[in-house]
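> This is the structure, below, for whatever I ask next.
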Amino acid sequence: QQQVKQSPQSLIVQKGGISIINCAYENTAFDYFPWYQQFPGKGPALLIAIRPDVSEKKEGRFTISFNKSAKQFSLHIMDSQPGDSATYFCAASIMEYGNKLVFGAGTILRVKS
Amino acid sequence: KAGVTQTPRYLIKTRGQQVTLSCSPISGHRSVSWYQQTPGQGLQFLFEYFSETQRNKGNFPGRFSGRQFSNSRSEMNVSTLELGDSALYLCASSMERDRGLEDTQYFGPGTRLTVL
């Protein structure tokens, strides 16, 4: 019940295209869903996060869509750029219990110029 | 503001040895969490410390332990190292304004541990 399943494992997108990464969870107690971006040799960095009372959140070219009934959420990267090439992780946590993040397996994104 | 710092950045040990990794959180941050990152298992939560107390613990054997000091700096220790402990160990800190509110975790660059 603690798992977060992420797909696809890898993704190749043309410059200017839309990158879409999907995640699904089982534990309905999760109430915080962040996305992290990680470049080689670096630690993950928070990209955008959403609470389950919101169906969509947009920050610049990055949008999270959240479907509470389906227990799914996704990251959309609009106008994808070569600089977006990185590994993306979705995660989930129960805020009342502190900062224990359960991560998806990660998606390696490559944006071709 | 300086980010999360971790020392050392790289470490090579042999099986059976023990190792201590250090993490200095962002100034003012009171919560420190540790994660293990491997190609096979991905990012897995080890434990979280807040105000020098362990608040959360992941599913790792007792060989993995940690502590937090009064200045919020944290250390994690792995005893009796096994080959499978080879991983990137990441530390993350957060401000913890209030329980139940969003609390962004900021990750350090990690310590790459290789066990031979």
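> According to a simple spin-label model (label point 7 Å from Cα along Cα-to-Cβ), what is the distance in nm between residue B:17 and residue A:29?
In this crude label model, residue A:29 to residue B:17 measures out at 4.0 nm.
> Applying a 10 Å radius around every beta-carbon, put B:70-80, A:27-37, A:61-71 in order of their mean neighbour count, most first.
A:27-37, B:70-80, A:61-71
> If you don't mind, another one. Any chance you could get the radius of gyration and Dmax over the Cα atoms of the protein assembly as shown, in Å?
Looking at the protein assembly as shown, its Cα Rg and Dmax stand at 17.5, 51 Å.
> In Å and from the alpha-carbon atoms only, list the Rg and Dmax of region A:1-47.
Here Rg and the maximum Cα pair distance are 13.2, 37 Å.
> Among the listed pairs A:5/A:71; A:5/A:68; A:68/B:57, give every one whose C-alpha distance is greater than 21 Å.
Checking Cα-Cα distances, A:68/B:57 exceed 21 Å.
> Strictly greater than 16 Å: what percent of every Cα pair in chain A meets that?
The calculated P(r) of chain A puts 56 percent of pairs beyond 16 Å.
> So what's the net charge close to residue B:85: Lys and Arg +1, Asp and Glu -1, counting the other residues with Cβ under 14 Å from its Cβ?
Summing Lys/Arg as +1 and Asp/Glu as -1 gives +3.
> Run the quick spin-label model on residue A:72 and residue A:42: label points 7 Å from Cα toward the beta carbon, then report their separation in nm to one decimal.
Between residue A:72 and residue A:42, the label points sit 3.0 nm apart.
> Give me the dipole magnitude in Debye, nearest 20, for chain B about the Cα centre, with unit charges on the beta carbon: positive for Lys and Arg, negative for Asp and Glu.
It works out to roughly 240 debye.
> Assigning unit charges at the beta carbon (Lys, Arg +1; Asp, Glu -1) and nothing else, what dipole magnitude in debye, to the nearest 20, does the protein assembly as shown show about its Cα centre?
Charge dipole of the protein assembly as shown: 460 debye, to the nearest 20.
> Identify, among A:28, A:7, A:41, the residue whose Cα sits farthest towards the positive end of the charge dipole of region A:1-66, taking +1 on the Cβ of Lys and Arg and -1 on the Cβ of Asp and Glu, with the dipole about the Cα centre.
Going by the Cα projections, it comes out as A:41.
> Follow-up. Give the residue from A:87, A:113, A:19 lying farthest towards the positive end of the charge dipole for the protein assembly as shown; charges sit on Cβ (+1 for Lys and Arg, -1 for Asp and Glu) and the dipole is referred to the Cα centre.
Ranked along the dipole, the leading option is A:113.
> Quick check: the distance between the Cα centres of region B:56-116 and region A:37-113, to the nearest angstrom?
22
> FRET efficiency for residue A:5 and residue A:94, Cβ-Cβ distance as r, R0 = 25 Å, nearest 0.05?
0.90
> Would you work out which of B:95, B:42, B:22 lies farthest towards the positive end of the dipole of chain B? Charges go on Cβ: Lys and Arg +1, Asp and Glu -1.
Of B:95, B:42, B:22, it is B:22.
All of the numbers you see were taken from the coordinates with simple rules; none came from a lab. What you see is a predicted model; the values in this text were computed from it and never measured. Reconstructed Cβ throughout: ideal geometry from the backbone, glycine too, with neighbour counts over all protein chains shown.
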